Amino acid sequence: MTEQLKSKPPAGDKPLARIPGAEPSARIDAWWWLVAIVVGLIILLVVIDNETYWNLIVFVWDGIQITFGVTVVAFVLTLLAGLLGGLGRLSKNRFIYGAATLYVELIRGIPLLVQLIWWYFAFPVIIQGLGRSLGVDALSNYQAPAIAMAVLGLVFCYGAYMSEIYRAGIQSIPKGQMEAARSLGMNYFQAMRYVILPQAVRVILPPVGNEFIALLKDSSLVSVVAVTDLTRRGREFMSTHFNPIETWTMVALLYLVMTLLSARIVGWLERRNKFER
Amino acid sequence: MTNEPIIRIKNVHKYFGHVHALQGVSLDVSKGEVVVIVGPSGSGKSTLLRCINRLEEYDEGEIVVDGIPLDSAKNINEVRKEVGMVFQQFNLFPNMTVKENLTLAQRVIRKRTAEEAGEIADQLLIKVGIPEKSDAYPMQLSGGQQQRVAIARALAMSPKIMLFDEPTSALDPEMIKEVLDVMLALAQEGMTMVVVSHEMGFARNAANRAILMDAGQIVEEATPDILFTAPTHPRTKEFLSKVLH
């Protein structure tokens, strides 16, 4: 057999020199230090000025939940929208490709804040107008629920970016994989599901993780369209207590805790899904 | 060998943009027959092979495999179930173990249970000589081992026809024989095979027919012994003079 040919040890069987700071343990430590500093800072502030900071945390607690909820729901839907958009961008059907490309190019050219405002203020008016001209009362009395519109806006926008991540991830898988799957009798969707996507997921995990963190941060924009997220609750607190430094420092630290933890989870997922190619 | 051809290729044309890659190729392959296709690169031999299971679409003509014309998506998938394909670059699924490579399509397409599929996989790994690699990942195998796994993966679907697209061209010289041995055994069992390869030794030992393609056409076909030793067409002579040195 041929195993012997392969497993010949390299000449001079010494372990390779280590690059300082490249050991995983070093990175973990650095990250824990960062979290410890941020959490320590929050605790310190609460201890120093319990009145302001603890009251603030209690006040914005429901905002934190909404920020987190909006982000998670929007992210899950973004994953689906991105998959559809990405497959559309790869479609050989000219109409599907055209529609997906139009969507991606259109959305990427408009600021997210403007999109959110459009969905909250303009979209319902269109629905109402449509309802009136069709004579459908349910539509003409349509009131947009703020959170749903905000999530819709986030999904539409992030779905476009996610489409491109999916497209690039799928295209990074060698063509032979699809051919091998198809030659075994799988149809396009079976080949995607069983062969291409499981491999593409590993490729796109880092950028998708980044998208989650970016989405978490950008979710603060929904405070403009009547969603009482962390940012909006912070603004409400500030307007009653008139203490911008304390409020916005604490809000920033709270966001930082959330993004650091998310980055950690993403990193853990990436390591878990590594495999040799 | 029966007379009814299991593969019928009739006047197939294929264009890549302005390149006329297949220029009216017709070829019948009988059940149990082993056909080896040789020819210079760019002669259309791989394209022809890939048309048989419709990995490549053709622009004109007709291909019927095992009585099924390649004309609808449903028929194409039916044909692909019956036609195994082995690629130059192996194309194993790198994120799955050898055994998972062998069982995936059995379970998804043939609807076999995990045990059934696993048993078939085990038997095929014995057949190709690497039962101990069942739990290894493709990247842990040598090229020759990977190609043998790829052959076993195709065989796991219990195909009636096997297509080989330059199966030894990406291998180190010392690994070619182990793959050819598996192919030879397969040929001796009566598998219908169409092989694009320049392995003259294999062709002489296993093939019923050898075909020379050039510029998208079949130039000459004969038994391997005659084609390789006493070709009649000048293009064949020229090609062989460059290959056999």
## Note on the structure
B:ARG112 meets each of (1) farther than 22 Å from B:VAL34 by Cα; (2) within 12 Å of another protein chain (Cβ to nearest Cβ) with one exception, condition (2)
### Query
Restricting the stretch A:233-274 to residues that are open to solvent by less than 60 Å² (accessible area, probe 1.4 Å) and outside any helix (DSSP H, G or I), which is nearest to the other protein chains (Cβ to nearest Cβ)?
A:ASN273
#### Entry: Selection status of A:GLN171, away from chain B (no Cβ under 14 Å), in contact with a helix residue (DSSP H, G or I) (Cβ under 9 Å, 6 or more places away or on another chain) and closer than 19 Å to A:GLY85 by Cβ
yes
### Task
Name every residue in the stretch B:124-146 that is hydrophobic (A, V, I, L, M, F, W, C) and either in contact with a Phe, Trp or Tyr (Cβ under 9 Å, 6 or more places away or on another chain) or touching a residue at least 12 places away in the same chain (Cβ under 8 Å) (or both), in order of residue number.
B:LEU124, B:LEU125, B:VAL128, B:ILE130, B:ALA136, B:MET139, B:LEU141
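Being open to solvent by less than 40 Å² (accessible area, probe 1.4 Å) and in a loop (DSSP other than H, G, I, E, B) is the filter here, so list the residues in the stretch B:113-129 that pass it.
B:VAL128, B:GLY129
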### Task
Specify which of the listed residues (B:LEU186, B:LEU212, B:LEU244) is over 27 Å from B:LYS14 (Cα atoms) and modelled with pLDDT of 90 or more.
B:LEU186
### Query
Going by the conditions given, is A:GLY185 in contact (Cβ under 8 Å) with a residue 40 or more places away in the chain, buried (at least 20 other Cβ atoms within 10 Å of the Cβ) and either within 30 Å of B:VAL83 (Cβ to Cβ) or away from chain B (no Cβ under 14 Å) (or both)?
no
## Note on the structure
The lone condition B:PRO167 fails out of (1) part of a loop (DSSP other than H, G, I, E, B); (2) open to solvent by 10 Å² or more (accessible area, probe 1.4 Å) is (2)
### Summary
If you go through B:ARG80, B:ARG54, the only one that is outside any strand (DSSP E or B), open to solvent by less than 20 Å² (accessible area, probe 1.4 Å), within 14 Å of another protein chain (Cβ to nearest Cβ) and touching a helix residue (DSSP H, G or I) at 6+ places or on another chain (Cβ under 7 Å) is B:ARG80
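The values are calculated or read from the model by the stated rules, or taken from the named source; none is laboratory data. Everything numeric in this text was worked out from a predicted model, so none of it was measured. Quick reminder, even Gly has a Cβ in these numbers, built from the backbone with ideal geometry, and neighbours come from all protein chains shown. For the accessible areas, the whole protein counts, side chains as well, though only heavy atoms, and no ligand, DNA or RNA atoms are used. Shrake-Rupley method; radii C 1.70, N 1.55, O 1.52, S 1.80 Å.
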